[in-house]
1. Show me 112-121, 217-226, 194-203, 58-67 ranked by packing, highest mean number of other Cβ atoms within 10 Å first.
2. Listing 33, 90, 241 from the residue with the fewest other Cβ atoms within 10 Å to the one with the most, what is the order?
3. Can you tell me the convex hull volume per residue for the stretch 171-244, based on C-alpha atoms, in Å³ to the nearest whole number?
4. Too long at a 32 Å Cα-Cα cut-off: which of 22/222; 85/184; 180/243; 87/222; 77/184; 87/243?
5. Can you list the HN-Hα couplings for the stretch 187-193, worked out from phi with the Karplus curve (6.51, -1.76, 1.60; θ = phi - 60°), rounded to whole Hz and with x for Gly and Pro?
Amino acid sequence: MTSDKKHTVSFGRYLKSVRIEKGIDLTSIAEETKISHSILVNLENEHHEHLPSPLFVKGFIRGYADVVGADASLAEKSYEDSLEKYKEATIPASELSKRKTVFRYYVTALPFVLVGIMIFSIWLLSDTRPVSNEGAKTPPSEIINSPGPTEPPVSHDLQADKTPLPETDILTLAVSAVDKTWLKIIIDDQSPKEYQLEPGDHLELEAESKFNILAGNASGVKLLFNNKPVSISGNRGQVVTVKLP
């Protein structure tokens, strides 16, 4: 596919055409990238309404492109352009009408607000009579009787009433983000949790038996499992999976 041809094809059709040209099926891409088959279908068909947040989609595009040998930067830029057009096309007509009505209201009300400010300023400047403190007395409501001495608060040692809890073997995971990335983490057999991390973000998690981690940027996070560093192999933007222990 020539460079001119790439620029005329949208991101989904471009990725799909490279995949078909290389003879790769979606099942193989799903197995290698750990991206669900339904998301890959929506990615190729450019169904924005069925895709997650843009940060996740960009990670999916890079993972897809790495597998089929496509230009990830080109596909990502094409996705951003397509997403912008989709957002503009899906703004409801009622919302546009509402925005116009609010704008007209502010334009109409602005002169009255300015006139009101001017009148208030003139009145404030003219009312500058000196205030005399002669004969000022403290109103009865401001006279406060001083309370008599009170007993000091009693301190209770709460620790003495606590029974030590039995120790349990808890697995700990500390995640530190060094680059933008998305994570999907399954703790034990619970429902997966998704995170969008910025550089400097930090997570501390606990599990009873295991962690399953899907990261959209292999070089974007550092992991400490039970206070021991975990080595993650992969390049920037590469989708990787980590199972602990």
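Please treat every number below as a calculation from the coordinates, not as lab data. Because the structure is predicted, anything quoted here is derived from the model rather than measured. Using ideal geometry, Cβ is built from the backbone for each residue, glycine included, and neighbour counts are taken over all protein chains shown.
1. Working: 112-121: 9.9, 217-226: 18.6, 194-203: 13.9, 58-67: 22.3.
Ranking, from highest mean packing down: 58-67, 217-226, 194-203, 112-121.
2. On the way: 33 23, 90 10, 241 13.
Ranking 33, 90, 241 by Cβ neighbours within 10 Å, fewest first, gives 90, 241, 33.
3. Once divided by residue count, the hull of the stretch 171-244 is 71 Å³.
4. Pairs exceeding the cut-off: 22/222; 87/222; 87/243.
5. So the Karplus estimates, Gly and Pro as x, are 9, 6, 10, 7, 5, x, 10 Hz.
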